[in-house]
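Accompanying notes for the structure given below.
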């Protein structure tokens, strides 16, 4: 996928992503969400866990168009939240020693790690340093 060049195109593409994922089986929806955000232009540093209160809402995130691992994970979280599906209500964004991941269904699905898979085939529990729940991220939307 070619990442949309301007805010209006990104907003439209993000809306289409959510619409297409609304009725898909959970694994396919999460794969599509992960794949879409993994195609965003990456930068090494933009958001930091210490600045959590100042993280952008989804529209500012799309407007800024700067995506470090945390920003991608936050975008994934916003997408999942706005789907409002009962089967993905436990998503959380976590910092591990090496990544910023989105865990869904008790680590069954791990997003923001690998662009080719979301199913956690590792079966090892993730060492979490910091985390934010879906309910806490949802407050940015209010």
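Throughout, read-outs are computed from the coordinates displayed, never taken from laboratory work. On a predicted model such as this, the values are computed, not experimentally measured, just so you know. When we count neighbours, we look across all protein chains shown, and the Cβ atoms used for this are built from the backbone with ideal geometry, even at glycine.
Observations
- Sites residue 96 and residue 12, calculated FRET efficiency, Cβ-Cβ separation with R0 30 Å, nearest 0.05: 0.35
- Cα gyration tensor shape for the chain, rounded if a/c is under 1.5, else prolate or oblate: rounded
- DSSP bridge analysis restricted to the chain gives an antiparallel fraction near 90%, rounded to the nearest 5.
- Among 130, 5, 140, a tally of other beta-carbon atoms within 10 Å of each Cβ gives an order, fewest to most, of 5, 130, 140.
- Each label was represented as a point 7 Å from its Cα along the Cα-to-Cβ direction; for residue 44 and residue 130 these points are 1.9 nm apart.
- For region 61-82, no residue has its backbone nitrogen under 12 Å from a point 7 Å from the Cα of residue 19, taken along Cα to Cβ.
- Prolate/oblate/rounded call for region 25-109, Cα gyration tensor, a/c under 1.5 rounded: prolate
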